[in-house]
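Enquirer: Here's a structure for you.
The values are calculated or read from the model by the stated rules, or taken from the named source; none is laboratory data. Computed from a predicted model, the values in this text were never measured in an experiment. So basically every Cβ, Gly included, is an ideal-geometry build from the backbone, and we count neighbours across all protein chains shown.
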Amino acid sequence: MKENDLKELVRFVLLRQNKDGGYGFAPKYCGLEFPSAVSDTFYALAVLDALNQDFLERERTLSYLHGIQSVNGTYDNIAVAFYAVKALEILRKKPARMEFTAQLREALEKTKWHGGESFSSDYDASSSPLKYQYYAAKALRICDFALKMEHGSWVLSPNKDGGFGKGNSDITTTYHALQILSLTGHQIGDFQSTAEFVERCAWVNGGFCAVPNSTPAYLESTYFGIMCCKLLGIPLDKWHEETTLEYIENMQNLGGGFRRSPFMGISTLNNSYLAVKSLEELGALLG
């Protein structure tokens with residue numbers, strides 16, 4: 001990224017920090033703050049960390065993150081636990097109490113995958129039936145919980161096309177499946193049919209699509225595609241790497257943040273995180 005684009009991105013992030021130390025969806029409007037969200041706080045910290053920036057109001061941010069956890073050691077749900085643990089990790093801290101890990105372990109140990117279906121009921125085009133299981137596995141690993149191979153063995157078999165998904169395969173669920181398998185000690189380097197599925201999701205104009213033979217490549221599917229390549233050890237050929245870099249960089253809006261669509265859209269911390277981590281993985285974030 002160019003120096004001025006990096007500066008604008010940092011400004012975009014810092015404008016969204018609130019008095020409580022957390023970060024919100026948008027900057028102040030008419031003196032009013034958008035409420036801090038643990039997910040946006042993680043995205044903001046991750047972007048600043050990747051750009052080697054100092055964390056402003058670090059102690060307030062820590063206080064905000066610790067305050068999300070209930071006095072009995074639990075979180076409101078698995079997603080809140082995931083983002084809180086990930087944000088604290090960036091600040092080199094851990095949650096004050098570990099009772100919440102029981103809920104995360106249950107999400108892994110009681111999961112059943114029959115004929116390409118999971119218990120998750122919120123599956124849609126932008127989600128994944130394995131999202132919460134991935135959240136649980138990742139947070140547990142960060143908290144030094146010893147994951148066993150059986151925690152991920154239920155997801156071992158991909159669909160006939162090599163990908164993973166509820167019914168039809170998609171790049172997001174495939175990423176979550178590979179992450180769960182990797183986090184639980186399974187060897188995934190020889191998943192040849194899965195590698196071929198990921199390669200079929202690559203778009204001729206750069207990036208990755210949610211499913212093969214579809215367009216366009218949105219930012220989230222591009223991020224998941226790049227990370228699947230990393231997990232599977234698939235090198236991006238020089239041509240596709242260059243077109244993907246240009247594709248991602250062109251999604252930066254004038255205000256410094258990134259949108260999800262190559263055509264139009266608002267900038268968000270979520271999209272900016274996906275762009276930054278993708279560019280970082282491609283070796284094109286910092287000069």
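Enquirer: Restricted to segment 170-201, and to residues that are among the small types (Gly, Ala, Ser) and surrounded by fewer than 24 Cβ atoms within 10 Å (Cβ to Cβ), which residue is farthest from His240 (Cα to Cα)?
Expert: The residue in question is Gly185.
Enquirer: All but one of (1) surrounded by fewer than 22 Cβ atoms within 10 Å (Cβ to Cβ); (2) within 13 Å of Leu269 (Cα to Cα) hold for Arg60, so report the exception by its number.
Expert: With (1) surrounded by fewer than 22 Cβ atoms within 10 Å (Cβ to Cβ); (2) within 13 Å of Leu269 (Cα to Cα) applied to Arg60, the lone miss is (2).
Enquirer: Out of curiosity, is Leu254 within 22 Å of Lys131 (Cα to Cα), of a type in the set (A, V, I, L, M) and over 16 Å from the mean Cα position of the chain (by Cα)?
Expert: Taking the combined requirement at face value, the residue does not satisfy it.
Enquirer: Would it be correct to say that Gly233 is of a type in the set (Gly, Ala, Ser), outside the structural domain of Lys160 (by TED's automatic domain parsing) and touching a Pro at 6+ places or on another chain (Cβ under 9 Å)?
Expert: So Gly233 fails the test.
Enquirer: So which residues in segment 151-162 are free of Cβ contacts under 8 Å to residues at least 24 places away in the same chain and of a type in the set (D, E, K, R), if there are any at all?
Expert: Matches in segment 151-162: Lys160 only.
Enquirer: Please determine, by comparing only the residues of segment 47-57 that are surrounded by 16 or more Cβ atoms within 10 Å (Cβ to Cβ) and at pLDDT 95 or above, which one is farthest from Lys94 (Cα to Cα).
Expert: Leu51
Enquirer: Also: Under 7 Å by Cβ, and 6 or more places apart or on different chains, what pairs join a residue from segment 186-197 that is at negative phi with one that is surrounded by fewer than 13 Cβ atoms within 10 Å (Cβ to Cβ) and outside any helix (DSSP H, G or I)?
Expert: Filtered contacts from segment 186-197: Gly189/Gly233.
Enquirer: Filter segment 1-26 for residues that are closer than 18 Å to Tyr64 by Cα and either over 21 Å from the mean Cα position of the chain (by Cα) or surrounded by fewer than 20 Cβ atoms within 10 Å (Cβ to Cβ) (or both) and give the result.
Expert: The answer is Leu14, Leu15, Asn18, Lys19, Asp20, Gly21, Phe25, Ala26.
Enquirer: While we're on this one: Among (1) more than 16 Å from the chain's Cα centre (by Cα); (2) among the hydroxyl-bearing types (Ser, Thr, Tyr); (3) within 27 Å of Tyr83 (Cα to Cα), which single condition is Tyr175 missing?
Expert: Failing condition for Tyr175: (1).
Enquirer: Only one of these is touching a helix residue (DSSP H, G or I) at 6+ places or on another chain (Cβ under 7 Å), under 24 Å from Lys7 (Cα atoms) and either modelled with pLDDT of 95 or more or assigned to a loop (DSSP other than H, G, I, E, B) (or both): Ala44, Ala81. Name it.
Expert: Answer to the check: Ala44.
Enquirer: Within segment 216-287, which helices (runs of 4 or more DSSP H) (wholly inside it) include 3 or more residues that are in contact with a Gly (Cβ under 9 Å, 6 or more places away or on another chain) and under 25 Å from Ile90 (Cα atoms)?
Expert: 219-232, 269-281
Enquirer: Taking Ser182 as the residue in question, decide whether it is of a type outside the set (Lys, Arg), modelled with pLDDT under 90 and within 24 Å of Tyr83 (Cα to Cα).
Expert: no
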